[in-house]
Amino acid sequence: GLDVRVLTSAASGPGTSSRLTELSGRWVTQFGVKTFYAPVRLGEDLAPSLLWHVATQLRSTDLLHVSGLWSPTSLLGIGLGRLLGKPTIVAPHGALMPWALDSGRGRTRKLQVLHALRPLLRRLAGWHVSSAAEAQGLAELVAQGHLPSPVPICQVEHGVRPSALSVTDVSEKTGLARIFVLGRVHSVKNLELALSSLSALRKERPEVTLQIA
């Protein structure tokens, strides 16, 4: 019964040639949710028209869920949410985990930005994290004074329901069982777990294969 709408840019990866041009500049429902892909006009992912669309949508919005923290679009959403008095939840998607703070431009600069954002972050209705480790990372930043308190931290895990899985699922092409792992190749993703699982499964199912994409 909820009316969910997504605002994002038409960027589809690094580089000016990566654009969702066939979806750009209009509302679409191809993926089951009303989504607007704003045309990128500056750099790799800056879509100025989002300023208008976010402000317009927020007028009739009960809750704003911001995905990410460091992007201009995320900051735009948080700022407009406060300006219009809308309850705002931010899902940093691991951006405030210790390893993430140490990467890229470095912890010192990112913590300086966090302090500058305190007036905005202090008014959040809550943080949305997807793991206990991420919740702990945010709690530590609060304890260290880098994030304002009290702002609730809500853990809602991403995942699948075990009841929806079947160990008898096999590939239609090969007839063999296959493990498929989708995600960027990075140490934080713990791809070693997939390798260990493959090794354990092959003791009883030697035909099992693993594909990492």
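The values are calculated or read from the model by the stated rules, or taken from the named source; none is laboratory data. All values derive from a computational prediction rather than experimental measurement. Cβ coordinates were reconstructed from backbone atoms using ideal geometry, including for glycine residues, and neighbour counts include every protein chain displayed. Side chains included, ligands, DNA and RNA excluded: accessible areas come from the protein's heavy atoms. Shrake-Rupley method; radii C 1.70, N 1.55, O 1.52, S 1.80 Å.
Under the condition of being under 25 Å from residue 89 (Cα atoms) and modelled with pLDDT of 80 or more, which residue from the range 11-30 is least open to solvent (accessible area, probe 1.4 Å)? Applying the filter and picking the extreme gives 28.
If you go through the range 34-43 and pick out every residue that is at pLDDT 85 or above and open to solvent by 50 Å² or more (accessible area, probe 1.4 Å), you end up with 1.
Of all residues in the range 186-213 being assigned to a helix (DSSP H, G or I) and among the small types (Gly, Ala, Ser), which is most open to solvent (accessible area, probe 1.4 Å)?
That would be 187.
Counted as qualifying within the range 44-139 are the strands (runs of 3 or more DSSP E) with 3 or more residues that are open to solvent by 10 Å² or more (accessible area, probe 1.4 Å) and within 21 Å of residue 5 (Cβ to Cβ), namely 64-67. Kindly indicate the residue of the range 44-68 that is more than 17 Å from residue 20 (Cβ to Cβ) and of a type in the set (D, E, K, R) and also modelled with the highest pLDDT among those meeting that condition. Result: 62. When the range 43-88 is filtered for residues that are of a type in the set (D, E, K, R) and over 23 Å from residue 26 (Cα atoms), the ones remaining, listed by number, are 82, 86. Checking each residue in the range 59-115 for being more than 16 Å from the chain's Cα centre (by Cα) and among the small types (Gly, Ala, Ser) picks out 60, 79, 81, 85, 103, 104, 106. The single condition among (1) at pLDDT 90 or above; (2) touching an Asp or Glu at 6+ places or on another chain (Cβ under 9 Å) that residue 71 does not satisfy is (1).
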